[in-house]
């Protein structure tokens with residue numbers, strides 16, 4: 001699941017979690033973006049302060065049946 005973490009100062013971030021059963025969720029340490037002083041997190045990228053447009057590139061939801 002992709003989701004957005006709202007920040008009121010420097011824009012929002014998109015993050016990723018996964019689950020095998022929809023109840024227990026895992027936040028993998030992706031190491032892609034520094035957030036809250038560390039890159040040991042599940043953050044994919046920063047998005048603008050309105051949460052509408054990515055700053056660089058795009059984020060897409062892909063369904064893999």
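What length, rounded to one decimal in nm, is gained on full extension from residue 18 through to residue 34, with 0.36 nm per residue of separation minus their alpha-carbon distance? All intermediate terms of the calculation are to be shown ahead of the outcome.
Working: separation 16, 0.36 × 16 = 5.76 nm, distance 2.02 nm.
Full extension of this stretch gives 3.7 nm more.
Arrange the peptides 17-23, 29-35, 39-45 so that the one whose residues have, on average, the most other Cβ atoms within 10 Å appears first. Write out the running numbers ahead of the final one.
Details: 17-23: 8.4, 29-35: 13.7, 39-45: 17.7.
Final packing ranking: 39-45, 29-35, 17-23.
Rule-based calculations on the coordinates, nothing more; no lab input. Please read these numbers as outputs of a predicted model, since none were measured by experiment. Every residue, glycine as well, gets a Cβ built from its backbone with ideal geometry; the counts of neighbours run over all protein chains shown.
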